[in-house]
Amino acid sequence: QVQVVESGGGLVQVGGSLRLSCTASGLTFDDYAMGWFRQAPGKEREGVSYISRSGGVTYIPDSVKGRFTISRDNAKNTLYLQMNSLKPEDTAMYYCAARASLGYNEYDVIYANYNYWGQGTQVTVSS
């Protein structure tokens, strides 16, 4: 019984900030690299941040680089996504996902490789 649960989404004004959280249970959290993905209506799923098991290695795609920061607290089994300077094009459902079988300082950008997914939290940026 693995559970991955996102929280923190909501409605925010252009230029505002949100912090998303993702709490995992039923697994050994630091055995998993983690990622944040988003999907807007009519669009493909897009990875927006990745982090290694250790938390020491991250990858942020250019589309959100400088605005989004990923972090994790392994003692709390929790992953975070800090989103600043939000734009209308950031409006999407945001998903947290867990990826097994990687080294301690590795991440993976391929969404099909992720083992567990949360149900998502909606982020809406008003214009």
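Figure the gain on full extension for Thr28 and Gln3 (residue separation times 0.36 nm, minus the Cα-Cα span) and round it to one decimal in nm. Before the final figure, lay out each step's value.
Values: separation 25, 0.36 × 25 = 9.00 nm, distance 1.16 nm.
Between Thr28 and Gln3, full extension yields an extra 7.8 nm.
Determine the equivalent ellipsoid of the range 53-127 by diagonalising the alpha-carbon gyration tensor, then write out the semi-axes as square roots of 5 times the eigenvalues, largest first, rounded to whole Å.
Details: eigenvalues 105, 40, 31 Å².
Working through the eigenvalues yields semi-axes of 23, 14, 12 Å.
Once the cut-off is 23 Å, how many percent of the Cα-Cα pairs in the chain end up in the long-distance tail?
Values: 1872 of 8001 pairs.
Of the Cα pairs, 23 percent sit more than 23 Å apart.
What does the extension gain come out to for Ala75 and Trp117, with contour length at 0.36 nm per residue minus their alpha carbon separation?
Values: separation 42, 0.36 × 42 = 15.12 nm, distance 2.01 nm.
That pair, Ala75 and Trp117, stretches by 13.1 nm at full extension.
Could you calculate the FRET efficiency of Ser85 with Ser54 from 1/(1 + (r/R0)^6), where r is the beta carbon distance between them and R0 is 30 Å, rounded to 0.05? It would help to have the intermediate numbers written out before the result.
On the way: r = 28 Å, r/R0 = 0.92.
Result of the calculation: an efficiency of 0.60.
Taking the simple approach of a point 7 Å from Cα along Cα-to-Cβ for both Glu46 and Asn105, what is their distance in nm?
3.1 nm
Just so you know, all these numbers are worked out from the coordinates, no wet-lab data involved. Quantities reported herein were computed from a predicted structural model and do not represent experimental measurements. As a convention, Cβ positions derive from the backbone with ideal geometry for all residues, glycine included, and neighbour counts pool all protein chains shown.
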